[in-house]
Amino acid sequence: MSDKRDHNEKDEQLEIFRVKDKGKYLTTNQGLKMSEDEFSLKAGERGPTLMEDFHFREKMTHFDHERIPERVVHARGFAAHGEFQLYESMERYTKAKLFTNTSKKTPVFVRFSTVNGSKGSGDTARDARGFATKFYTEEGNYDLVANNIPVFFIQDGIKFPDVVHAFKPEPHNDIPQAATAHDNFWDFVANNQESAHMIMWIMSDRAIPRSFRMMEGFGVHTFRFVNERREAFFVKFHWKPTLGTHSLLWEESQKLMGIDPDFHRNDLWNAIERGDYPEFELGVQIINESDEFKFDFDILDATKLWPEEDVPVKLIGKMTLNRNVDNFFAETEQVAFHPGHVVPGIDFTNDPLLQARLFSYTDTQLIRLGGPNFHELPINRPVCPFHNNQRDGFGRQTINVGKVNYHRNSLAGNTPAPASPAEGGYMSYQEKVEGRKVRARSESFKDHFSQATLFWNSMSAPEKQHIMDAFSFEVGKVKSKSVRQQVVDMFANVNLGLAQAVARNVGVTPPHHGGSPVTKSSPALSQLNTEMTPKTRRVAVILTEGFNGPEVKRVLDSWKANGLVPVIISENIGVVTGTNGIKLEATENLLTADSVLFDAVYMVRGSDNSMKFNKETAYFLDEAFNHQKTIGATHEGKKWLEINQFVHKPGVLIGDNMDWFAMDFMKSLAKHRHWERQVV
Ligand code: HDE
């Protein structure tokens, strides 16, 4: 638990529910102190346990009921508290106080998640990431339940159970876990071609983020802003991480699932504990109502994005995550998000995917959290008062005083009373709607490939290569040759070269027809055009006894002052002594540390070099080099790079002047990877 607490109204509310058990007597749930907690009550020391042992029964019963169902999607998640501050009032577009009051810091709770895997699956699976934010506003809770990918697999929510069934483990044997590389998923894709655009994102580096702190968030749907004058605007929401958007390599992701399945959890938790608070700027794209039909796609179609070059993203505020949870279950697991939790000034559109979500989230909480009172759980309570005539149900905590529990009434002066819009009452936007009742898809939703090609066109060469590799891996795992063929035939509509290359890799006939007339690209979609900074990056510093104390310390001090996170690795965990008696604490050895846990390597070494150490460092370096990471060496470490023939390669630095070395290393690390080293 971080001691650098923010004291906002949500934190104060949670404090009422916090219980500190340390230093207290052990009691039953009835408050009875117990004199013994190790032995059940028996008829004789070797005799049977007695039915009357209420303490045993209570302890065991509670344990037996400890689990609740995991979320049907987004089961594996990790969350943190923080706050949101607005840069400038958006009153021209919305009356939401959260987006008009620049002096207010709104408390937030954010849960990041993978979508597919179970609660215990690995963090770095290829998948979309959930990015759900609860704003505890003075007008009630507002939930922005977003993903790190701006589009979705399907256009109509009625197909959600189908896509989820298809991507989850296959039902007959529950294999594979947290992976889409199987027949059912790709059969779904080929037979539901509206998924094409989302699949391009899932096959891209976006689906294997380096960190929750380094991924974008997107509200996906088109929402509505409504201002005081009841004028409405279409709006899309974006979160932009101030550290830029960066990814792992697929090989790293796979290894991390064994070496540190909690890689993203550890990364977020440790950053917050260190005081490196993750920051995300909130952006909005706004389209006037009168411009609804001016685009070559339907703005209600959730498989389409609004290219940022056409509709600029205006950054309107910043969210800072500054406090870890006290209790995973009470906060992260019990938090209940819902896109329908809105405040005055924010409304919905007729996006058929959004409409389905507005039903699903409450429905799923009812089974997951065991009844209709989940809004009373501490993490879900709004920080403003709430009053209505809802009563009773499992786990009800509120003691509603008084006998009137209906509306309209005279006995309580007709209260709780509805508020007018002027008094802050929510009034739905009065959109004019007409039409026949039909089960149909609008013609304007029928282009499934243009934006998939736009995405492909916007990728840099290494990003394109990664997409090709990802398709080849995923479709290569599909046993049905017919499905493999259907998939490559489908993606020929996105890019013929891509489909042909994948076809060759997965052993099916390369398509000869296809291709796309779309030549447009959107530079904002490439991660190579993102913020580049070495801040908060982990550097493996490999040194042994007798290292050059003063010089190495100078390098490390400079890095720490610039926000890097050097981690000392040596032959053994513990204190390592360099020249001039300078001591550094090695927190890792080469058994506990692995290159995939780091962003860069600094080879120092020292006078002491065992054969085992030499072999392990060679492997470490080789892997970091193949993963295109910055590698630097000074002192005895230099020779080591020469032996491994890494010198004169991009992103490999040999330092004589320590100050220059420290600076150059940071510049090199800021590039994230040295793609020139990629072997194609
Ligand atoms: Fe969700 N989604 N979703 N979803 N979703 C859930 O609600 C659903 C969609 C998203 O950290 C569930 O509480 C439907 C898009 C996040 O607790 C469930 C449809 C986006 C989270 C549900 C979608 C999301 C969920 C499961 C299509 C990005 C995790 C547990 C119509 C904008 C929230 C729960 C958390 C969770 C339904 C599509 C984001 C079943 C029916 C698009 C981040 O209600």
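Every number in this text was worked out from the coordinates using simple rules, so none of it is lab data. Since the model is a prediction, treat every value here as computed from it, not as a measurement. Methodologically, a virtual Cβ is constructed for each residue, glycine included, from the backbone with ideal geometry; neighbour enumeration extends over all protein chains shown.
Of all trypsin sites (Lys or Arg not before Pro) in region 194-257, which ones are in loop regions per DSSP and have a Cβ with at most 10 other Cβ atoms within 10 Å?
On the way: sites: ARG206, ARG210, ARG213, ARG224, ARG229, ARG230, LYS236, LYS255; in loops: ARG210, ARG229, ARG230.
Sites meeting the loop and neighbour criteria: ARG229.
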For region 596-673 versus region 188-216, the gap between their alpha-carbon centres in whole angstrom: 33 Å
Derived scalar couplings ³J(HN,Hα) [region 333-344; Karplus, 6.51 cos²θ - 1.76 cosθ + 1.60; whole Hz; x for Gly, Pro]: 7, 8, 5, 10, 8, 6, x, x, 7, 10, 10, x
FRET efficiency, 1/(1 + (r/R0)^6) with R0 45 Å, evaluated for ASN266 and SER607 via beta carbons: 0.85
Nearest-20 debye value, region 449-528 charge dipole, Cβ charges on Lys, Arg, Asp, Glu: 200 debye
Convex hull volume per residue for region 532-677, taking Cα atoms only, in Å³: 93 Å³
Selection of trypsin sites (Lys or Arg not before Pro), region 470-551, meeting DSSP coil and at most 11 other Cβ within 10 Å: LYS479
Listed residue pairs exceeding 24 Å between alpha carbons, taken from LYS240/LYS553; LYS314/LYS432; LYS294/LYS314; LYS105/LYS134: LYS240/LYS553; LYS314/LYS432
Cα centroid of region 482-557 to Cα centroid of region 244-281, whole Å: 17 Å
Cα centroid of region 301-359 to Cα centroid of region 38-82, whole Å: 36 Å
Neighbour net charge for MET658 - beta-carbon separation under 12 angstrom, K R +1, D E -1: -3
Unit charges on C-beta of K, R, D, E only; dipole of the chain, Debye: 480 debye
Cubic angstrom per residue, convex hull over Cα atoms of region 144-258: 135 Å³
Set of lysines with alpha-carbon distance to LYS59 below 23 Å, sequence-local pairs under 8 removed: LYS20, LYS22, LYS24, LYS33, LYS42
Within-14-Å neighbourhood charge of ALA624 [Cβ basis; K, R +1; D, E -1]: 0
Set of lysines near LYS477 by C-alpha distance (under 23 Å), chain-local residues within fewer than 8 positions excluded: LYS168, LYS255, LYS464
Rounded to 5, the percent of DSSP beta bridges in region 495-636 classed as antiparallel: 20 percent
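Subtracting the Cα-Cα distance from 0.36 nm times the residue separation, let me have the gained length for ALA417 to LYS104 in nm, one decimal.
109.9 nm
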Expected-Rg normalisation [2.2 N^0.38 Å, Cα atoms] applied to region 449-528: 1.07
Amide H within-cut-off set for LEU243, under 5 Å, with H built and near neighbours excluded: GLU279
Region 556-640, relative contact order in percent, only Cα pairs under 8 angstrom and at least six apart counted: 25 percent
Estimated distance in nm for a label pair at LEU50 and SER290, the labels positioned 7 Å out from Cα along Cα-to-Cβ: 8.5 nm
Residue-span extension gain [MET427 to ARG230] - 0.36 nm each, minus C-alpha spacing: 69.9 nm
Where labels lie 7 Å past Cα in the beta-carbon direction, separation of LYS560 and LYS403 in nm: 7.0 nm
Cα principal axis extents for region 366-480, largest first, Å: 70, 39, 31
Region 298-379: proportion of alpha-carbon pairs further apart than 17 angstrom, %: 67 percent
Where the Cα pairs of the chain fall when distances are cut into 20 Å bins, in %: 16, 44, 32, 8, 0
Per-residue Cβ neighbour rank within 10 angstrom, fewest leading, ASP262, ASP363: ASP363, ASP262
Fully extended contour minus Cα-Cα distance, from LYS33 to LEU315, at 0.36 nm per residue: 95.9 nm
Size of charge dipole - region 532-677 - debye, nearest 20, with Cβ of Lys, Arg +1 and Asp, Glu -1, no other charges: 420 debye
All lysines inside 18 Å of LYS649 as judged from Cα atoms, apart from same-chain residues fewer than 8 positions distant: LYS629, LYS638, LYS639, LYS667, LYS671
Of all DSSP beta bridges in the chain, antiparallel share, percent nearest 5: 80 percent
Residues ILE158 and HIS513, FRET efficiency given R0 of 45 Å [Cβ-Cβ distance, rounded to 0.05]: 0.90
Ranked by how many other beta carbons lie within 10 Å on average, peptides 595-605, 425-435, 299-309 from highest: 595-605, 299-309, 425-435
Residues listed by number, region 57-86, amide nitrogen under 14 Å from PHE329 label point at 7 Å toward C-beta: 59-70
By average C-beta atoms within 10 angstrom, highest first, the peptides 395-402, 9-16: 9-16, 395-402
